[in-house]
Every structure is written in structure tokens, then in C-alpha cells.
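I have placed the structure first, in the form of C-alpha cells, so that the comments after it can refer back to it.
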Amino acid sequence: MERTRNILIGLDGVPYLLIDRFTRRGLMPNLRKFILENTFLKMTSSIPEVSTVAWSSVITGTSPGEHGIFGFMEVNPKNYSLYFPDSRDLKCPPFWTRYKKSLIINVPSTYPAQPMNGIMISGFVSIDLEGAVHPKSLLPELKEMGYKIDVNNSLARESPRGFIDDLHKTLEIRLKFLEKVWDRDEWELIVFVITGTDRLNHFFLDALDNPAHPYKATFEEYYNLVDRTIGRILDRSKAEDNIIIFSEHGAEKLDVEFYVNRFLYEKGYIQYKNDDPKTPADLDITTRAFCLDPGRIYINSSDKFLFGRVMPSEKEALMMELQILFKNLVIDGKKIVRKVYRGESIYKGPYVNRSPDLILISETGVELKGRISHNKIIDKRIFNGKHTYEDAFVTFNRKDKSHLASSDFTLEGVAGLLS
């Protein structure tokens with residue numbers, strides 16, 4: 001019997017409430033029709049809710065303790081140097097390894113493109129197009145089309161209109177390539193991710209509720225383009241296709257940024273080896289705790305780090321001290337941290353020992369930052385939108401819902417919707 005084809009459309013960083021609002025208003029009619037005829041749920045993201053962790057959870061159907069990715073950057077416990085985990089660091093196989101023929105376009109955290117049965121064009125963060133493409137024979141075709149692995153984010157401040165035009169052009173070229181290869185093979189799985197939504201939200205989410213914002217109409221115009229893109233994909237689908245449309249995290253307006261390492265430094269938990277620290281490699285061995293983006297706290301313990309000076313017997317007391325400190329933290333009348341988790345309590349699997357000791361979840365409007373070189377505790381720089389944990393979304397046409405054990409749908413459950 002012929003296997004049901006799976007079609008997944010990812011809308012990077014789009015919150016449930018925005019989809020609900022725009023579809024009700026008629027701004028996204030194609031998605032509105034799909035939602036009304038099928039299932040539409042709010043979904044929680046990964047902890048932390050950063051793209052590398054979230055997409056690793058989507059494509060493996062597992063949590064960080066199992067797939068081994070805990071953040072955008074990781075620290076080497078031997079020398080405190082930072083490194084960027086990529087597709088080769090993923091400890092669980094992505095779900096497309098289960099299918100004979102797959103077409104995967106612009107999925108984040110898949111660079112470099114690994115050999116597979118079908119076509120893979122990696123998404124964010126891809127260093128270059130050459131390493132993002134499998135098979136390599138597609139490179140001339142993609143270059144001729146002007147295919148880009150990401151938009152030029154620097155344009156958002158230098159030339160907002162140019163940034164918007166780049167968003168449109170990049171999406172249109174990706175869709176053109178998808179349509180070009182749609183019928184080249186008998187694909188059992190098609191995955192197409194739109195990352196421009198995340199880029200737009202980071203820079204212009206403040207336009208959502210501001211009628212006077214100069215780019216409010218432009219903001220909505222892009223979401224209408226996203227909806228037309230969804231419509232063109234749905235028009236190519238068959239009645240028996242299993243279709244899933246989802247986001248991997250939500251978004252909300254950003255009011256302030258909280259620089260965790262600066263705070264820890266001023267509270268005496270961090271000491272540096274020099275006057276111009278930039279990375280964890282500049283930490284002095286007397287440091288007791290430090291942070292990696294967005295709010296991952298690592299105890300500088302002797303059982304985890306080569307130069308750690310916090311003894312195992314001292315670790316529990318320090319963790320409790322930090323938990324209390326962050327839970328009660330109020331700056332300028334604003335609460336900063338909503339929840340503090342212990343890594344060992346939220347992660348399960350063979351790689352839990354790599355997890356941060358504490359994970360901070362920010363209050364509404366607050367973004368946690370791990371930048372070491374920043375000299376302020378509170379700031380507000382270039383972004384106007386931030387990621388959120390509790391309001392990703394998923395909508396799907398699968399009629400059998402027996403796999404939905406409760407109303408709480410998690411990111412790892414997306415893989416469970418596949419046929």
C-alpha cells in the first residue's frame with residue numbers, strides 16, 4: 001500500500017495569538033480555512049526557547065537530554081572556549097531518515113547538510129550555500145536562481161524597506177525552488193520552513209499593536225505573503241496528504257534586555273582574568289557561576305569544568321542561593337525572572353550531564369542575555385521582539401487524535417503527527 005505523504009510547513013517564531021488574530025481578521029485566509037477544517041492548538045516550545053534547541057527537538061521528536069543540543073552556543077569544559085553545535089552534534093536521527101524520499105528546505109540547525117535520500121537545503125545557521133546543499137549537483141541551479149541561505153539582517157536598521165524587500169525576495173525564491181522540484185520525485189516527506197517571520201518579529205513586532213507604527217502595514221503585508229505561500233503549497237497537496245503547519249516558539253514585544261553575566265559580576269559570582277573580557281575563556285578560575293545565552297547558568301564546579309573551583313560539596317548550597325537570588329530579582333520595579341529550573345529536573349536522557357545547572361525563564365517583555373562583554377545590567381539594543389516558550393502553535397489535518405494524551409501539546413510531539 002502506498003505510504004501517506006507528509007507535508008510540514010514551519011513558520012519560525014510565530015505565536016499562536018498572532019495566528020489566531022490574523023486568521024480571524026481575514027489577513028491569512030488560506031491558513032484560516034485550513035484551521036477551521038482541522039485541529040488548531042497552542043503548543044509549548046523547548047527550554048530554552050532558542051531556535052537551535054527547538055528545531056533539534058522538532059526534527060528528532062526528543063528533548064535536549066536526548067538529542068544533546070542545549071543552546072545556540074556551547075562551552076568546552078576543558079578550556080571554556082565557545083563552539084557552535086551543528087548537525088554533526090545531533091545525537092538522535094532526524095525523522096526524515098525514516099522515509100525513502102524526502103525534500104527538506106530551510107530547516108534550521110541542519111548545517112552542514114548530511115547525506116540523505118532526497119534533497120536537503122539547510123537553513124539557519126548555514127555558513128555557506130555549498131555546505132548547505134545535498135546533493136551538490138543542485139548548486140548551479142540554486143545559484144542561478146539567486147537562492148539565499150538567509151536575509152541580510154543588517155538592513156533592518158540601515159534600510160528597513162530594503163530589509164522587507166529582501167524578506168519577500170528570499171521567500172519567493174525558496175518557494176519557486178520548492179515548486180520546481182515538487183514533481184521531480186515521489187516524495188514521502190516534504191518540509192518547508194519560512195524563517196522570515198522570525199526575522200520580521202525580532203525587528204518589527206512592536207508594529208503589531210501600534211496603529212501609528214510606520215511599518216505596521218508592511219508587517220501585515222509580509223504575513224499575507226506567508227499565507228499566499230501556504231496557499232500555493234496546499235494547492236499542490238492531495239486530499240490524502242498528512243499536513244502539519246506549526247511554529248517552534250512564540251514571540252512577544254521586547255521591553256528590556258537583562259545581561260546575566262554583568263549582574264553575576266557585580267554580585268561577585270564572576271571574576272575575570274583581564275579588563276576586557278569577551279568570552280568564558282576570560283573567566284578567572286575563582287568564578288563561581290556564569291551564564292550562556294539566553295539564561296543558562298553553569299556552576300563553575302570541579303566535577304564539570306577542568307578549572308572549576310566549586311567543590312561538589314558546595315554546589316547544592318550555591319545553586320539554592322542563586323535560585324533565591326533570581327526568583328526575587330526586581331530591577332526598577334520590574335520582576336526579571338519568572339521561573340528558575342534545575343537542568344536535572346527538566347531534562348531526561350543520556351546527555352543530561354551536559355545540561356546547564358540552572359535555566360532562567362524571563363518575565364514578559366524581558367530578554368535574558370549571556371553576552372560577557374556588555375557593561376550594563378539592563379539595556380535595550382536593536383531588537384523589538386523576543387522568543388517565548390508557551391505560545392507556539394500547531395495545526396494539522398490528521399483525523400486520528402488518539403496520540404494526543406492531553407491538551408498540553410509539546411514541540412517534541414510534532415514528529416508524532418507524522419504518518
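Here, each number is a calculation from the coordinates, and none is a lab measurement. Note that this is a predicted model, so its numbers are computed, not measured. We place every Cβ from the backbone using ideal geometry, glycine too, and count neighbours over all the protein chains shown.
Could you calculate the FRET efficiency of residue 182 with residue 325 from 1/(1 + (r/R0)^6), where r is the beta carbon distance between them and R0 is 51 Å, rounded to 0.05?
Calculated transfer efficiency: 0.40.
On alpha-carbon atoms, Rg over Rh for the stretch 311-419 using Kirkwood Rh?
Taking Rg over the Kirkwood Rh, I get 1.05.
With everything on Cα atoms, drop me the angle between helix 16-25 and the longest principal axis of the chain, reported from 0 to 90° to the nearest 10.
Taking Cα atoms only, the helix is inclined about 40 degrees.
Could you give the distance between the Cα centres of the stretch 340-419 and the stretch 245-261, to the whole Å?
Cα centroid of the stretch 340-419 versus Cα centroid of the stretch 245-261: 10 Å apart.
Could you put 134, 387 in order, starting from the residue whose Cβ has the fewest other Cβ atoms within 10 Å?
Least crowded to most crowded, the residues run 134, 387.
Rounding to the nearest 20 debye, state how big the charge dipole of the stretch 256-379 is about its Cα centre with +1 on each Lys and Arg Cβ and -1 on each Asp and Glu Cβ.
Dipole of the stretch 256-379, to the nearest 20 debye: 300 debye.
Working out 0.36 nm times the residue gap between residue 172 and residue 130, then minus their Cα-Cα distance, what length gain in nm do you get to one decimal?
13.1 nm
How many nm separate the modelled label positions at residue 344 and residue 98, each set 7 Å beyond the Cα in the direction of the Cβ?
3.3 nm
Build a GNM of the chain with springs between Cα atoms under 10 Å: which of 262, 236, 354 gets the top mean-square fluctuation?
Answer for the Gaussian network model of the chain: 236.
Determine the gain in length on full extension of the stretch residue 212-residue 137; use 0.36 nm per residue of separation and subtract their C-alpha separation, reporting nm with one decimal.
Once the chain is fully extended between residue 212 and residue 137, it gains 22.2 nm.
Provide the FRET efficiency to the nearest 0.05 for the residue 83-residue 36 pair, computing r from the beta carbons and using R0 = 35 Å.
Efficiency computed from Cβ-Cβ geometry: 0.15.
Just want the ordering: 198, 241, 86, from fewest to most Cβ atoms lying within 10 Å of their own Cβ.
241, 86, 198
On a 0 to 90 degree scale, rounded to 10, what angle separates helix 216-236 from the longest Cα axis of the chain?
Taking Cα atoms only, the helix is inclined about 50 degrees.
222 nm [θ] for the chain, helices only, -39500 (n - 2.57) per DSSP H run of 4+, per residue, to 500?
-9000 deg cm²/dmol
Return one number: the angle in degrees, 0 to 90 and rounded to the nearest 10, between the long axis of the Cα atoms of helix 160-181 and the longest principal axis of the Cα atoms of the chain.
On a 0 to 90 degree scale, this one is about 50.
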